[in-house]
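Since the structure comes first, as structure tokens, the remarks are kept for the end.
The values are calculated or read from the model by the stated rules, or taken from the named source; none is laboratory data. Keep in mind the model is a prediction, meaning the values are calculated, not measured. No Cβ is skipped: glycine too gets one built from the backbone with ideal geometry, and neighbour counts run over all protein chains shown.
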Amino acid sequence: MRHFRFLTAALLAGTTIIGAATAAYAEEVVVKLWSKADRSGPLRAGNIVAAAEPLNAALKAAGSDKTVRVEVFEAPDRGYDADALDIFKAFAVNQGPDLYVAAHEWIGEFAKSGYAMDMSDFVGKNPWAFADVIPVLWDATKYKGKVHAIPQDSEIRMFFYNKDMLRKIGKDEAFIEGLPQLVEKGEFTMQDLSNLAKEVVDKGAAQIGMIHRPNAGPDYLMSFAAFGAKFVDPDSGQLILPKAELKRGLEWYAANAANGITPKNNTSMSWDEIQAAFKTEKAFIFHQGVWAVAEWMVGDAKGANWPNDRKAYFKKIGWIHAPAASKGGQPANLSHPIVYVVNPKSKNANLAAMLVAYATLPYYNTKHAATTAHTAITNGQTSMPDYVNAWYLDAATPMLARSSFIPNHPDFGRYNGILFKALQGVETGRLTPAQAIEFLEDEMTNELKTSVKVVDKLS
Amino acid sequence: MTTAPRLRVWLDRILFLGPGTLLLVMFFIVPVVVDVGIAFTDMGRDLQVTGFTTENFRRMFGGDRRLPSVMLVTLIYVTCTLAIFNIGYGLLLALLTTALPDRAGGFFRAIWLLPRMSPSVVYALLWSWVVAPTDFGLLNQALTAVGLPLADLKSNLPMLLVVLANGFIGASFGMIIFTSAIRSIPQHLFYAAQVDGAGGLAIVRHITLPAIRWQLSFVTIYQALALLVSFEYIWLITNGGPFFDTTVYALYVYRRAFENGQYAYGAALALGLVLVGAALALVLWRFFDMRALLQKPRIEVS
Amino acid sequence: MDVALAASAPETTDWERLAARSRLRRRTTTALLYTVLLLGSLPIVVPYLWLFTVALSGRVGASTFVLWRTLAVLLPALLIWSILRVGIDDRRRLRVCEIVLVIVTFVALAVLTGPYLHTGNWRFLWNANIADQLKGAAGVGGTYPSVWTAFGNSLFLAITQMVLVAAVSTLAGYYLSRFDFRGRGGYLKGLLVLHAFPAMTLIIPIFLLLHWVGLLDTLTGVILVVVALELPFAIFVMKGFFDAVPWDIEMSAMTDGASRRQAFLLVVLPQVKVGMLAVAVFAFLRGWEEYVFVRTLLLQKSNWTMSLYLFWMSADVMGTDYAMVSAIGVFYVLPSIILYTMCQKYLTQMTLGGIKG
């Protein structure tokens, strides 16, 4: 009898101890997320935090004791370039995050330094999250052929043109509505665009033919790409300076300024002036991106009131890619995706990757896309009610098929800045296109040294 | 019990002169040495030195296509601002305000010191707004009021803008120096000249100007040096101008280093400026009363 | 004989008329001087006035509406005031007229500009997330610091710098003035060269130095740099003041039994208070407005000073609110102006004045 009681006691004690130990091991895993505090994308971080919920539910259902909590660090940098450098610094002092948001062109450097996990296998093993991602977006996540990040969003840029002005100068509806198609087929060229803008200005329907942003940015790369410029060598990953193609692009910009199509001081105007010029219908064409529609084109911002609904808006404004440089060529477009990257050396790499998988689901991503006017990353998103209601996104998504990406090269920010300076030089008349090419060569070789290869002409 | 005299002497020296000397050495002498060192390396954006080279100087003396125009811009900027504003306008203000009773003159001098005393960011912001190319800029409002077309100084006449903005600041320094100089001219000279029938202009030409010759030369050299190395206002207002139009040498050095990441080249360029600055500073020696400055101290060390 | 008698009477000089004529000439010259100087001062004063009026009345964009109205009231008021001062000689009557003028001006201003004044532009003072609201939807952490962070940083920078400069330069100035030592001449000559030396050219090596020492992106680093650059001027000024203090004061204190340092602290220091004040004020103003070094050596947003805050708020990144920027500008410039007007007398007496080009 005593033995039995002793045994029971021992058994009870044992179970309690084991139970307590197990309870103690029901751990909370903290996943550190680094995200640049971006006013145009608070849900980039928010979605990951929200994704912890289904992940925890799945873990519980699988019988695991782990719960995941996401801790967000919002970096205050102004741009993704500066943010990337800060992330590098953090990794260097072993304070790197488990998961971070980055601009895609930095993937190369992150992967090279071992801070970006190779996700190719993970993507293959989780088709429920990734199979529907728009295929072309994967190009932006690759380094040396392997996927090192997951796309988080994208956007599309376009030339907005004012249809009312075309009507005023006597163009017929067929032409006006058919313009995007002509561009798509490669029958309407960059020069045709300039000529059309000049016609609109000459006939008094507009004061400014074409207007663009006043500072450096990815927009111009579309135009240069239309003239055949490629910025990176896909095999070596080295940046290229294609002199002949860039010269043609610069000549186009120079001619526009010289012929009064683009104001000579476009690069020193203020954003307000530029946007107001287009909104109050003083400018015929405006080159920017889809978020501008949500930000100020619809509604009464910037000095005029434009219709809010899709039909009325598209009666007034049309969108085209950057037209081909010569007849029969390809139009060009540009997209600048932001991506999620996982730190391979983190203890929680797999959990972090799972968080990203959940955040890639349409439910989460559309919340971000629809509220901040970024385009979808999966095909399924495009039929969600929220996305469809953000009709400008729906209209923009087909244009993604033409988009290219800026190179995944860490020096590209510098490259782009120098290119912008050259553009400013030719637009203001300080440099001839030939001098601008010399300027580009000088500046790039001095600043980027071996990262850039100067070629006379792309084959 | 007093400490040993020798020890006390040294303690005093360290206590009184130590902090100042330490700071001066650390932030004047050491940087010059560092600058010379860096100028011979290839330090780039990553702040790492991987080799020693004279490439930077080769580039300075022949390979940099922007440098000649930068130097031309610097020359125009320094001479115009110096002549028209720092000396010319400063002298004019000094003459005009000293012709008024003291309080009134002081009042106007105080107004003209305002740009120098207010923070540079605010001053530059005000200038940007005054010359705004739209019709909300004050300048354009004045122009349209008299029927002239809108002006866009920042794009079309950036050098004028830069000279004006820096000139307003520079004139105040000359004004102060010249005022105190004019004030110290003995009054009886003026009375004598007036009795002899000299008019205002003649008085200025024959009495005032010769009496302040020393100050004129001093201000010229001093302000020339200051203009040569300052770029704060240019940076804030035009950021080097459309393209490189108003990029003066000092601004060029800054941008090469901190915007293009070419620290070694920037150090080499800065070295040139350091040498010129040191040379001009030595010229300024002549203008200080060395005897008075270096006069034997009142109490010999015991 | 008749010819002699017919000679005219000796000319009497009409002194009264001559005096009146010269008085008139003097008055017109003075009036002309005033006019010219007043017109010349307008380009300086009007923009600052514009800043103030927009800060108090502007909406989104900056406009000159209130400015012109204010000027329309102030300029005639100034004119009338100067006429009164020149015309009326009786002290009491002048006072009364001046007071009446001030009241009338205020009423006119209130009537013409009152309805347009509002404090909306000052919302950055109590709304910490203003930049994010202004420039778009806020991130979870906020991208710009509150203006009070920047204000605190600026104050810390300016005051610490002021104290350090005053202390170090006083000590050094005293020693240089009173003691002889080997190399004193060289030291002074060196200071002279450094005073005129272009410090801006050393910004690259200073950046590298601070980076290597680990003081980059700290306010301490910036303070040390600015103190060091301010020192040559400050030491010279203090030495000048110490030179002007007769040494018998010290001598008598020392013969009374005080030690050298006690004599310095208790007897000599009070004599150079004016110099210390001038040096301190210059240093404070310099620290308050410091831009180049702060922009280069500080990286994190939490280290921003007012100069950076104003700069980035006014930066045209996809549009900005000029009226609010004016209010920030006024907030930033007010301490400088107040300090300057209070200490103006001392500053204009500095003959080695002027730090910027």
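Can you name the residue in the stretch A:84-107 that is assigned to a helix (DSSP H, G or I) and under 16 Å from the mean Cα position of the chain (by Cα) and, of all such residues, is nearest to A:Phe73 (Cα to Cα)? Walk me through it before giving the result.
Of all residues in the stretch A:84-107, those assigned to a helix (DSSP H, G or I) come to A:84-92, A:104-107.
Checking the rest, the ones that are also under 16 Å from the mean Cα position of the chain (by Cα) come to A:84, A:104-107.
Values: A:Ala84: 14, A:His104: 19, A:Glu105: 21, A:Trp106: 19, A:Ile107: 20 Å.
It comes out as A:Ala84.
Among what's in the stretch C:171-199 and is facing chain B (nearest Cβ under 7 Å) and modelled with pLDDT under 80, pick the residue that is nearest to B:Leu228 (Cα to Cα).
Top of the filtered list is C:Pro198.
Considering only the stretch A:375-459, give the helices (runs of 4 or more DSSP H) lying wholly within it that have at least 2 residues that are touching a residue at least 60 places away in the same chain (Cβ under 8 Å) and buried (at least 17 other Cβ atoms within 10 Å of the Cβ).
Numbers: elements: A:385-389, A:391-396, A:412-427, A:433-448.
Filter on the stretch A:375-459 gives A:391-396, A:412-427, A:433-448.
For the stretch C:73-101: of the residues being exposed (fewer than 12 other Cβ atoms within 10 Å of the Cβ) and either touching a residue at least 24 places away in the same chain (Cβ under 8 Å) or among the acidic types (Asp, Glu) (or both), which is farthest from C:Val36 (Cα to Cα)?
Ranking the qualifying residues of the stretch C:73-101, first place goes to C:Asp90.
Here is a yes/no grid of residues against (1) aliphatic (A, V, I, L, M); (2) under 23 Å from A:Ile48 (Cβ atoms):
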residue: A:Lys302; (1), (2): no, no
residue: A:Asn308; (1), (2): no, no
residue: A:Ile320; (1), (2): yes, no
residue: A:Gly328; (1), (2): no, no
residue: A:Asn350; (1), (2): no, yes
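Go through (1) out of contact with any Gly (no Cβ under 6 Å at 6 or more places or on another chain); (2) surrounded by fewer than 21 Cβ atoms within 10 Å (Cβ to Cβ); (3) assigned to a loop (DSSP other than H, G, I, E, B); (4) in contact (Cβ under 8 Å) with a residue 40 or more places away in the chain one by one and return the number of the condition A:Ile176 breaks.
(3)
State which residue is surrounded by the most Cβ atoms within 10 Å (Cβ to Cβ) when the search covers only the stretch B:197-224 and only residues that are part of a helix (DSSP H, G or I) and of a type in the set (Val, Ile, Thr). First the steps, then the outcome.
Taking the stretch B:197-224 as the starting set, the residues that turn out to be part of a helix (DSSP H, G or I) are B:200-211, B:213-224.
Next, only the ones that are of a type in the set (Val, Ile, Thr) stay: B:203-204, B:207-208, B:219-221.
Values: B:Ile203: 17, B:Val204: 15, B:Ile207: 18, B:Thr208: 20, B:Val219: 26, B:Thr220: 15, B:Ile221: 18.
My answer is B:Val219.
Check A:Ala294 against each of (1) in contact with a Ser or Thr (Cβ under 9 Å, 6 or more places away or on another chain); (2) under 20 Å from A:Ile208 (Cα atoms) and name the one condition it does not meet.
For A:Ala294, the failing item is (2).
With the structure loaded, tell me whether B:Leu75 is out of contact with any strand residue (DSSP E or B) (no Cβ under 6 Å at 6 or more places or on another chain), of a type in the set (A, V, I, L, M) and at pLDDT 90 or above or whether it fails that test. It would help to see each step written out before you state the result.
Numbers: out of contact with any strand residue (DSSP E or B) (no Cβ under 6 Å at 6 or more places or on another chain): yes; of a type in the set (A, V, I, L, M): yes; at pLDDT 90 or above: yes.
In short, yes.
For B:Ser172, indicate whether it is surrounded by 24 or more Cβ atoms within 10 Å (Cβ to Cβ), within 11 Å of chain C (Cβ to nearest Cβ) and assigned to a helix (DSSP H, G or I).
Numbers: surrounded by 24 or more Cβ atoms within 10 Å (Cβ to Cβ): yes; within 11 Å of chain C (Cβ to nearest Cβ): yes; assigned to a helix (DSSP H, G or I): yes.
Yes.
May I ask you to say which residue of C:Leu192, C:Leu209 is surrounded by fewer than 24 Cβ atoms within 10 Å (Cβ to Cβ) and under 20 Å from C:Thr170 (Cβ atoms)?
Result: C:Leu192 is the single residue among C:Leu192, C:Leu209 that is surrounded by fewer than 24 Cβ atoms within 10 Å (Cβ to Cβ) and under 20 Å from C:Thr170 (Cβ atoms).
Considering (1) in contact with a Phe, Trp or Tyr (Cβ under 6 Å, 6 or more places away or on another chain); (2) part of a strand (DSSP E or B); (3) of a type outside the set (Gly, Ala, Ser); (4) modelled with pLDDT under 85, say which one A:Glu74 fails and leave the rest.
With respect to (1) in contact with a Phe, Trp or Tyr (Cβ under 6 Å, 6 or more places away or on another chain); (2) part of a strand (DSSP E or B); (3) of a type outside the set (Gly, Ala, Ser); (4) modelled with pLDDT under 85, A:Glu74 is out only on (1).
Could you run through the stretch A:61-74 and say how many residues are over 12 Å from A:Glu27 (Cα atoms) and more than 14 Å from chain C (Cβ to nearest Cβ)? Write out each step before concluding.
Filtering the stretch A:61-74 for residues over 12 Å from A:Glu27 (Cα atoms) gives A:61-63, A:70-74.
Among the residues that remain, those that are also more than 14 Å from chain C (Cβ to nearest Cβ) are: A:61-63.
Result for the stretch A:61-74: 3.
Could you please give the count of residues in the stretch B:30-51 that are touching a helix residue (DSSP H, G or I) at 6+ places or on another chain (Cβ under 9 Å) and over 18 Å from B:Asn260 (Cβ atoms)?
8
Any idea which of (1) without any contact (Cβ under 8 Å) to a residue 60 or more places away in the chain; (2) surrounded by fewer than 20 Cβ atoms within 10 Å (Cβ to Cβ) is the one A:Pro218 doesn't satisfy?
Answer for A:Pro218: the failing condition is (1).
Mind listing just one residue for me: the one in the stretch B:114-131 that is more than 7 Å from chain C (Cβ to nearest Cβ) and of a type in the set (A, V, I, L, M) and, of those, nearest to C:Thr64 (Cα to Cα)?
Step by step, filter the stretch B:114-131, then rank; the result is B:Val131.
Is there a residue being in contact (Cβ under 8 Å) with a residue 12 or more places away in the chain, part of a helix (DSSP H, G or I) and within 11 Å of chain C (Cβ to nearest Cβ) anywhere in the stretch B:132-142? Let's see the steps before the verdict.
Let us first name the residues in the stretch B:132-142 that are in contact (Cβ under 8 Å) with a residue 12 or more places away in the chain, namely B:133-135, B:139.
Next, from what is left, pick out any that are part of a helix (DSSP H, G or I): B:139.
Imposing the further condition that a residue be within 11 Å of chain C (Cβ to nearest Cβ) reduces the set to B:139.
Yes, that holds for at least one residue.
Would you mention how many residues in the stretch C:255-294 are facing chain B (nearest Cβ under 9 Å) and assigned to a helix (DSSP H, G or I)?
Residues of the stretch C:255-294 facing chain B (nearest Cβ under 9 Å): C:259-261, C:264, C:285, C:288-292.
If we keep only those that are assigned to a helix (DSSP H, G or I) as well, we get C:260-261, C:264, C:285, C:288-289, C:292.
Counting residues in the stretch C:255-294 that are facing chain B (nearest Cβ under 9 Å) and assigned to a helix (DSSP H, G or I) gives 7.
On the basis of being free of Cβ contacts under 8 Å to residues at least 12 places away in the same chain and under 27 Å from A:Phe439 (Cα atoms), does B:Pro31 make the cut? So that I can check it myself, show each step before the final result.
On the way: free of Cβ contacts under 8 Å to residues at least 12 places away in the same chain: yes; under 27 Å from A:Phe439 (Cα atoms): no.
No; evaluated as a whole, the condition is false for this residue.
Quick one: in the stretch B:85-107, of everything that is within 10 Å of another protein chain (Cβ to nearest Cβ) and crowded, with 22+ Cβ neighbours inside 10 Å, which residue is nearest to B:Gly240 (Cα to Cα)?
B:Asn86
Has the stretch B:62-84 got any residue that is farther than 25 Å from B:Ala224 by Cα, within 14 Å of chain C (Cβ to nearest Cβ) and part of a helix (DSSP H, G or I)?
no
Given the criterion more than 10 Å from chain C (Cβ to nearest Cβ), assigned to a helix (DSSP H, G or I) and not β-branched (Val, Ile, Thr), identify the matching residue among B:Tyr252, B:Tyr233. Spell out the reasoning first.
On the way: B:Tyr233 fails: more than 10 Å from chain C (Cβ to nearest Cβ).
Selected residue: B:Tyr252, the only one of B:Tyr252, B:Tyr233 that is more than 10 Å from chain C (Cβ to nearest Cβ), assigned to a helix (DSSP H, G or I) and not β-branched (Val, Ile, Thr).
Residue check: is C:Thr170 farther than 26 Å from B:Leu284 by Cβ, touching a residue at least 12 places away in the same chain (Cβ under 8 Å) and in the same structural domain as C:Phe241 (by TED's automatic domain parsing)?
Details: farther than 26 Å from B:Leu284 by Cβ: no; touching a residue at least 12 places away in the same chain (Cβ under 8 Å): yes; in the same structural domain as C:Phe241 (by TED's automatic domain parsing): yes.
No; evaluated as a whole, the condition is false for this residue.
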